[in-house]
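Trainee: Sharing a structure below in structure tokens format, with a few things to ask.
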Amino acid sequence: VNVKYLLDRVDLEHCLEVDDALFYSLFEKLEALEDLSAADLREILHLSNATTRHFINRATHPSAPPDNSIQNLFAGPLSEIIGSAPDEEIFSILANSGKVKSLYMFFEGLSAFRGRIYPTVTEIDEAIKKRRWKPVVPEFFERMEYSSYYSDYRYNNLDHIKNNHIDNNANFMMELPQKMRWYEFFMNTREYVFVFSRFGLTRIPGCTSTHGKCGLCISVTAVSEDNPEAFNIELVTDEASYGGLPIHRHPEITPSRIHLALVSTRWSTFQNSYQRKPFLTADGVRYGDDVYSARSTDQLRVIAYVRIE
């Protein structure tokens, strides 16, 4: 009775949106229960149907414009996610935190604690299975393997992870053709176009569009002195916006299927998503541990890792 009382009052929709690991864990616990009565089964079905109905209704009758923000960026410093947890608890936090939204972010989180945590291959596999994380693009692992961030993980059978959690068919990498200064990127509101290219092909396999090449467009909202939260990077989804571009939009590419990496051309280390939004200081734009002034010549590459199914 107490369990039913709690389930009747838990906000499952909010739980799924904020912390999907907790949501899935709840249903795994319910699935493991023994000697369920017909009333118990009806209650579980009611919970499942109510959650599904919420998202169907929201998709069919949206009450607000969709949030097209690229979701892996600006997840906040890892220090806030991990808190004061001892080293032996860090892996579990990364494996279960709702802020760790993809396998890309999971490995970025592990890399940040190299030399402090030593998960086994089995533990990593189980975390990936539990969170239902999709495989990553091969190029991501190539960067990871040659990065000093991951040198400590080679003993941990990186080849096993690489061979079991990549997908060369449904995943690909796109990079902006131009390098630019960090300050310029942060301080200008504008759009950037990525063009698909792999092995000389400019079309995603199976694409039948007759307009231009396959690709995607992102919109950057500049850093604002008046509003520190104004900076944003969003996927452009308005079909009309693609009319004058040399690419066409793929509706199956949604913000949650994009992992965007802002990569310094100066350092060879592996960049990660766990930063605050950039903000203005007296010396320039601060992003992470660095400050970029108008005179700074430091440049970045912008890479999009994309999943299409």
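The values are calculated or read from the model by the stated rules, or taken from the named source; none is laboratory data. Given the structure is predicted, the values throughout are model-derived calculations rather than measurements. Heads up, the Cβs are rebuilt from the backbone with ideal geometry, glycines too, and the neighbour counts pull from every protein chain shown. Each accessible area value is taken on the protein alone, full model and side chains, heavy atoms only, with ligands, DNA and RNA left out. Shrake-Rupley method; radii C 1.70, N 1.55, O 1.52, S 1.80 Å.
Trainee: Identify, please: which residue in segment 178-206 is among the basic types (Lys, Arg) and open to solvent by 60 Å² or more (accessible area, probe 1.4 Å) and is, among those, modelled with the lowest pLDDT?
Mentor: Out of the qualifying residues, it is 203.
Trainee: Give the residue, chosen from 209, 224, that is open to solvent by 10 Å² or more (accessible area, probe 1.4 Å) and within 30 Å of residue 295 (Cβ to Cβ).
Mentor: One residue alone meets the criteria, 224.
Trainee: Can you name every residue in segment 240-288 that is on the phi > 0 side of the Ramachandran plot and at pLDDT 90 or above?
Mentor: 284
Trainee: Spot the failing condition for residue 243; the list is (1) over 26 Å from residue 187 (Cβ atoms); (2) without any contact (Cβ under 8 Å) to a residue 24 or more places away in the chain; (3) of a type outside the set (Asp, Glu); (4) open to solvent by 60 Å² or more (accessible area, probe 1.4 Å), and only one is missed.
Mentor: The failed condition is (4).
Trainee: Here's a follow-up. Quick one: how many residues across segment 113-137 are open to solvent by 20 Å² or more (accessible area, probe 1.4 Å) and within 16 Å of the chain's Cα centre (by Cα)?
Mentor: 4
Trainee: So the check is Cβ under 7 Å with 6+ separation or different chains; which pairs have a first residue in segment 71-92 that's part of a loop (DSSP other than H, G, I, E, B) and a second one that's of a type in the set (Phe, Trp, Tyr)?
Mentor: 72/104; 75/274; 76/274; 77/274
Trainee: May I ask you to verify whether residue 237 is open to solvent by 30 Å² or more (accessible area, probe 1.4 Å), more than 26 Å from residue 143 (Cβ to Cβ) and of a type in the set (Val, Ile, Thr)?
Mentor: yes
Trainee: Hey, could you check segment 255-275 for residues that are surrounded by fewer than 16 Cβ atoms within 10 Å (Cβ to Cβ) and of a type in the set (Val, Ile, Thr) and say which is nearest to residue 237 (Cα to Cα)?
Mentor: My answer is 265.
Trainee: Tell me, which residue of segment 96-112 that is open to solvent by 30 Å² or more (accessible area, probe 1.4 Å) and over 20 Å from residue 306 (Cα atoms) is modelled with the highest pLDDT?
Mentor: Here the answer is 96.
Trainee: Hey, can you tell me all the residues within segment 276-309 that are part of a loop (DSSP other than H, G, I, E, B) and crowded, with 19+ Cβ neighbours inside 10 Å?
Mentor: Hit for segment 276-309 is 278, nothing else.
Trainee: Go over the candidates 78, 41 one by one and state the one that is modelled with pLDDT of 70 or more and open to solvent by 70 Å² or more (accessible area, probe 1.4 Å).
Mentor: Only one candidate qualifies: 41.
Trainee: Yes or no: segment 153-171 includes at least one residue that is modelled with pLDDT under 85, in a loop (DSSP other than H, G, I, E, B), more than 21 Å from residue 89 (Cα to Cα) and open to solvent by less than 50 Å² (accessible area, probe 1.4 Å).
Mentor: yes
Trainee: Does residue 266 meet the test of being more than 26 Å from residue 278 (Cβ to Cβ), among the basic types (Lys, Arg) and assigned to a loop (DSSP other than H, G, I, E, B)?
Mentor: It is false that residue 266 is more than 26 Å from residue 278 (Cβ to Cβ), among the basic types (Lys, Arg) and assigned to a loop (DSSP other than H, G, I, E, B).
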